[in-house]
1. So, in nm, how far is label residue 224 from label residue 112 when the simple model puts each one 7 Å beyond its Cα toward the Cβ?
2. First measure r as the distance between the Cβ atoms of residue 310 and residue 48, then evaluate 1/(1 + (r/R0)^6) with R0 = 60 Å and state the FRET efficiency to the nearest 0.05.
3. If I model a spin label as a point 7 Å beyond the Cα along the Cα-Cβ vector, how far apart are those points for residue 302 and residue 99 in nm?
4. If you stretched the chain out fully between residue 256 and residue 269, how much longer would it get, using 0.36 nm times the residue separation minus the C-alpha to C-alpha distance?
5. Test of understanding: what is the full-extension gain from residue 277 to residue 385, defined as 0.36 nm times their sequence separation minus their Cα-Cα distance?
6. Taking 0.36 nm per residue of sequence separation and subtracting the Cα-Cα distance, how much length would be gained by fully extending the chain between residue 217 and residue 331, in nm to one decimal?
7. Amide H neighbours of residue 143 under 5 Å, at least 5 residues apart or on other chains, H built in the peptide plane: list them.
8. Give the distance, in whole Å, between the Cα centre of region 383-423 and the Cα centre of region 84-163.
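The values are calculated or read from the model by the stated rules, or taken from the named source; none is laboratory data. Model, not experiment: these values are computed from the prediction. Counting neighbours? That spans all protein chains shown, and the Cβs are built from the backbone with ideal geometry, glycine included. With ligands, DNA and RNA removed, areas are computed over all heavy atoms of the protein, side chains included. Shrake-Rupley method; radii C 1.70, N 1.55, O 1.52, S 1.80 Å.
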Amino acid sequence: MSIPIVAVVGRPNVGKSTLVNRLVQGSDAIVHAMRGVTRDRSYHRTDWNGREFMLVDTGGIELGTDDAFGDSIRKQAIVAAEEADAILFIVDGKTGLSAGDEDVARILHKSSRPVFLVVNKCDTPNDMTASYEFWNLGLGEPRAASALHGHGTGDLLDELVAALPEAEPETEEAERGIAIIGRPNSGKSSLYNRLIGAERSIVSGVAGTTRDSIDTVVERDGVQYRLVDTAGLRRQSKIDESVEYYSFVRAMRAIDRADVALLVIDASEGITDGDQRVARFAEERGCAIVIVLNKWDLLADDDVKDALEVDLPRKLGFVGYAPIQRISALTGRGVDKVFKSIDAVWANYTQEVTTSKLNRFLADLRDTGHTISRNGVHLRIKYGTQTRTKPPGFTFFANHPKLVDENFKRYLENRLREAFDFSGTPLTLKFRMKD
């Protein structure tokens, strides 16, 4: 469903992310005392009195800064304000009116959207003293609030939802959650921007630029895809800053709620231990997977390409069921095939095999005579049934399920994949005693 969008803007460190967390009753937005922690726009769905809307947490708008990301952060915040249906302009009631607030106000004066001026950090209930000087910004009545304690947020939400347009009706097709994952600086944000057809993430050569997970819904041929650009996943022992730790947690949450993970690998660096760890994260959490070999155009030498092809099954054999796309996110080469792979693995991820087909498969399997025996006892699988989808899961009933070992599980999974198309999706197999 297309719902109203509310942009949360202001200069750095005024409590924007704290207010977002208060309004959504969660902790998705990263809160930290360091300036510039929120760099990209991050989207958070919430509701008030039955009215749903999307909060957009933005980086602090700061003019004349020497921060390498300052210009990009400001542009991202301005874009968020332009695409929003309403704007929450957050200022700091403790530090008072500043030149930075006036800079932001001048930008918002040009907007045709309704602007709600929120004086944050007014921690004493009903104390309006700190808000008086903000009348000078010329944006209407300042609203005293405390994101930390929640004072004033209820009244603010009442006024906000009253100003929002009605939501558009929901389509019948459910969204497909797509998490773009990988090591830092592998090209995830560049691919993300290519897939959505807009520069919504900040793209930089500095590892760790994307700290929050960012959601965007894209519709293609009547199908909705929720694309999530995640922070680069590092080894946990290398996560020194608490900010990076929070980013790691957000990326894990993004994988947890995704249906398909696009594992982006920097082909120019080959398959690394970091790529293996990220692939394991997605595999353990039951995501369908598409492997995206980015920067393929940088491999001019055929011998290097051949070596990488040999490395793939050796280092990523545990997700050997995942299709592989070779692309250049920078030039766009091959990117159009990524959506085709997403659709294919989604179909397999949600596939349902009828009990009759599954048991015909087991009958053919028994004819091969392959089984396990121990101390004169032979394993016989009597019948099976599919018990879940996303990912597909099967329960098999046998005379002695304790005989099943990992080798037999792999054998049975391989035969299932040969009989039914499960490319791109993990499978779960369980064995129970036949009553």
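1. Reported label-point gap for residue 224 and residue 112 is 2.6 nm.
2. Computed FRET efficiency for residue 310 and residue 48 comes out at 0.60.
3. Inter-label distance under the simple model: 6.3 nm.
4. Stretched out fully, the residue 256 to residue 269 stretch lengthens by 1.9 nm.
5. 35.7 nm
6. Contour length minus Cα-Cα distance gives 38.8 nm.
7. Those lying under 5 Å, H to H, from residue 143 are 117, 118, 119.
8. 58 Å
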